[in-house]
Number of protein chains: 2
Amino acid sequence: MTAYDYIRDGNAIYERSFAIIRAEADLSRFSPPEADVAIRMIHACGDIEAARQFVFGTGFVDAARAALAAGAPIFCDAEMVARGVTRARLPAENEVICTLRDPRTAEIAASIGNTRSAAALDLWGERMAGAVVAVGNAPTALFYLLEKLRDGAPKPAAIIGMPVGFVGAAESKDALAENSYGVPFAIVRGRLGGSAMTAACLNALARPGL
Amino acid sequence: MTAYDYIRDGNAIYERSFAIIRAEADLSRFSPPEADVAIRMIHACGDIEAARQFVFGTGFVDAARAALAAGAPIFCDAEMVARGVTRARLPAENEVICTLRDPRTAEIAASIGNTRSAAALDLWGERMAGAVVAVGNAPTALFYLLEKLRDGAPKPAAIIGMPVGFVGAAESKDALAENSYGVPFAIVRGRLGGSAMTAACLNALARPGL
C-alpha cells in the first residue's frame, strides 16, 4: 500500500511556498510592495528565474491598489485571467469584465482588421477611465490598447501587460514600457507571461499577504 | 504619432508561433502526435526549455483522444483549467467539469482533512471511469487522486498531471509517473505546469492542428 506524504493544509502550503520563493528569488530590485506582487507571480508560474523579467513602472502598485480600493472595475483580455481573480480578495466587490465572448466582438474584429482579443477592447468604452486593465494573453490586445491610448481613449489607472508567447508578446510589452501614455504599468519582459501570472498579479494587488 | 507594427491575423499568429517553436524546441524525444501536444503546451507558457520536463506515458495521446472522441467528460481541478478549454475544439461536445466551487466541497475538505482542491474529487464519483482527468493547479488534488486510485476508485482513461509550484508539485508528478495505477498519463516534471499548460494539453488532444 503506497503512502503519500504531503502537506494537506492550504494555508500551510501557501506559507511554505512563499518562504521558498523569498529564499531563492532575487527580489532586491523591488520595493517591499512590489516584492509581494512578484512573489505571487513567481508562485503562479513555478519559475524563480522569471522574476528577472518583471518590470514595475513608477507608482504602479500604489495606483492599482488605490483604484481597486475605490471600486474600479478590472478589464481582462481573456476569460482565464478573469476566472483566476479570487473574488473574495477584491476590496470593493470590483467588477471583473472580459468582453471576448461578447456577440459583437467578431464583427468588430472584422471591421477593424484585428483579432477578437483586440476587438473586445472596443466594448470597454468610457469605463476604461480609471480602471485596472489586465492583458495576460494576447499581444494584439496590448498593441491595440496602446493604439487606443495614442488616439485619446480614456486612461486606465494601471495597466498589467503580461501577454505570453512567441509572436508580438515581447514587442508589445517593450512598447508599453517605452511609452505607456502616462499610465502606471507592470510587465514581464520577453516571451513569459500568461493568464496565471496576470491573475496572480491582480490577486496580489487586491489584497496584500496570504 | 507612434505606429505599432504587428501581425493582426489570429491564424497567422498561431502558424508563426508554432513554426518558431518547431524551429527552436528539441522535440526529438516525442512521437509526432506527442510533439503536436508539446508544441501547444510550449505555446501556452512561452518557454522553449519547458519541453525538457514533459513526459508522455505510454499510450497517453491515443487513450485521451479515444476517450474524448467517445464523449468522455473532462474533470478539472481548477476553474482556470476548465475555462481554458476551447469548447469548439471538443470532438463530442464533451462536458468540462470543475467541482471546486460546489457548496459541498468545504465540508468534505474538513472531513477528509485535505484541501478543497482535493475534496472536490470526491464529487466526481463513478463518472471518473473512462474520463479525462486534468490536474493543472493543486498538488494535493493529484496526490488525492492517486490515493483514490490506490483504494480502488474508478479508473480514468487518461490523467494530465501538471500542477505548478513549490510545495508538492514535483513530488506529486513523480508519484504519478512512478505508479499511475495503469492509467496513461502526461506530466511536466518539477515545478513548472499550471492551468494554461494543462488547458493547452487538453486543447491539443481535443483536435490536432491549429
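FYI, it's all coordinate maths here, none of it is from the lab. Fair warning: this is a prediction, and the values are worked out from it, not measured in the lab. Cβ placement follows ideal geometry from the backbone for every residue including glycine, while neighbour counts extend to all protein chains displayed.
Could you calculate the contour length gain from B:Arg150 to B:Ala177, that is, 0.36 nm times the residue separation minus the distance between their Cα atoms, to one decimal place in nm?
8.3 nm
Which whole number gives the average, over all residues in A:5-18, of C-beta atoms from other chains lying within 10 Å of the residue C-beta? Could you put the intermediate results ahead of the total?
Values: counts 4, 13, 7, 10, 4, 8, 1, 2, 9, 2, 1, 3, 5, 2.
Shielding by partners across A:5-18 averages 5.
Number of Lys-Lys pairs in the protein assembly as shown with C-alpha atoms under 28 Å apart and a separation of 8 or more places or on different chains: 4. What's the center-to-center distance, using Cα atoms, between region B:80-100 and region B:136-167 in Å? The two parts, judged by their Cα centres, are 18 Å apart. Chain A comes nearest to the axis taking it onto chain B at the Cβ of one residue; that residue and its distance, in whole Å, are A:Arg83, 2.
Sorted from nearest, the other copies put their B:Leu210 label points 4.8 nm away, the label point being 7 Å from Cα in the direction of Cβ. Sorted from nearest, the other copies put their B:Leu123 label points 2.7 nm away, the label point being 7 Å from Cα in the direction of Cβ. Applying 1/(1 + (r/R0)^6) with r as the Cβ-Cβ distance of A:Met1 and B:Glu126 and R0 = 25 angstrom yields a FRET efficiency of 0.60.
For chain A, averaging the sequence separation of C-alpha pairs within contact (under 8 Å, six or more residues apart) and dividing by the residue count gives a relative contact order of 25 percent.
Can you tell me the FRET efficiency between A:Asn11 and A:Arg207 if r is taken as the Cβ-Cβ distance and R0 is 22 Å, rounded to the nearest 0.05? List each step's numbers first, then the result.
Details: r = 14 Å, r/R0 = 0.65.
My answer for the efficiency is 0.95.
With the simple spin-label model, which puts each label point 7 Å out from Cα in the Cβ direction, the A:Glu107 to A:Arg52 separation comes to 4.9 nm.
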